[in-house]
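This report refers to the structure that appears directly beneath it.
The values are calculated or read from the model by the stated rules, or taken from the named source; none is laboratory data. In this text the structure is predicted, and so the values were computed from the model without any measurement. Virtual Cβ from ideal backbone geometry, glycine too; neighbours counted across all protein chains shown. Quick note on the areas: whole protein, heavy atoms, side chains included, nothing else; ligands and nucleic acids left out. Shrake-Rupley method; radii C 1.70, N 1.55, O 1.52, S 1.80 Å.
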Amino acid sequence: MATPTPQTAPAGGLRERKKQRTRDALIRAALELFTEQGYEATTVDEIAEAVDVSQRTYFRYFANKEDVAFAVQEMVEARFMAELTARPATEAPLTALRSAVMVAWDDIGSAIESVIPVELHMRSYQMIESTPALMAVHLRRSSELEEQIARLIAGREGLDVDADPRPRVLVAAFCGVMRVAGKIWGEGPDCSVASIRELTQSYLDHMAPAIDDDWHTHR
């Protein structure tokens with residue numbers, strides 16, 4: 001009887017996992033260096049050296065330091081956008097936004113922790129807020145994300161985002177609440193995902209009564 005031959009994973013799968021591990025290691029090393037010695041004081045060479053790869057390898061994954069600084073935040077934003085896109089069309093705009101962010105926080109913690117500790121994510125958030133060059137990028141990225149969300153909400157409601165101001169007004173208010181909740185979380189003693197989820201829920205609960213949640217009667 002022939003001895004069974006062990007099954008090996010496809011080479012492509014192994015390569016992809018190795019690439020993901022390298023990318024995650026670069027993110028963690030970069031954020032640790034940024035938070036310990038400062039963003040401006042950290043070089044790409046130092047990040048690459050911390051992971052024992054070449055500068056050339058670093059640039060296969062990230063175009064510059066800015067990209068790696070926002071890598072985890074980009075992952076969180078993408079998770080939220082995916083949830084918002086999947087919300088039932090029957091949900092009112094604010095309800096869809098609120099539901100999307102709460103559902104996203106249900107599993108985003110494990111996604112963050114697969115790359116970096118949540119505590120490092122909080123320190124990175126504080127580092128971005130205290131670094132002028134990164135804060136400028138953060139504001140630009142936030143503005144771009146708000147526009148994407150507003151267009152998605154307008155599409156759900158069958159509205160022209162350039163003719164009807166309500167999608168942009170609602171999203172500006174929603175994102176403002178999210179920024180405040182994130183800032184207070186970043187300044188607080190509890191760096192857990194449960195903490196930011198609870199804080200976000202509390203702030204959104206205070207927002208809802210101030211906004212009319214049924215646009216269909218005001219078309």
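Could you grab me the full set of residues in the stretch 56-110 that are surrounded by fewer than 16 Cβ atoms within 10 Å (Cβ to Cβ), hydroxyl-bearing (S, T, Y) and farther than 19 Å from C175 by Cα? Matches in the stretch 56-110: T57, T90, S110.
For S142, the conditions (1) open to solvent by 40 Å² or more (accessible area, probe 1.4 Å); (2) free of Cβ contacts under 8 Å to residues at least 40 places away in the same chain; (3) in contact with a helix residue (DSSP H, G or I) (Cβ under 7 Å, 6 or more places away or on another chain) are fulfilled apart from (1). Of all positions in the stretch 98-108, none carries a residue that is at pLDDT 90 or above and over 20 Å from V177 (Cβ atoms). Does A136 satisfy being at pLDDT 90 or above, among the aliphatic types (A, V, I, L, M) and open to solvent by 50 Å² or more (accessible area, probe 1.4 Å)? Yes.
Residues of the stretch 160-219 that are at pLDDT below 80, in a loop (DSSP other than H, G, I, E, B) and among the aliphatic types (A, V, I, L, M): I211 alone. Can you name every residue in the stretch 119-133 that is among the hydrophobic types (A, V, I, L, M, F, W, C) and either touching a strand residue (DSSP E or B) at 6+ places or on another chain (Cβ under 8 Å) or surrounded by 15 or more Cβ atoms within 10 Å (Cβ to Cβ) (or both)? Selection gives L120, M122, M127, I128. When you check I116 against the structure, is it surrounded by 15 or more Cβ atoms within 10 Å (Cβ to Cβ) and assigned to a helix (DSSP H, G or I), yes or no? Against the criterion (surrounded by 15 or more Cβ atoms within 10 Å (Cβ to Cβ) and assigned to a helix (DSSP H, G or I)), I116 does not qualify.
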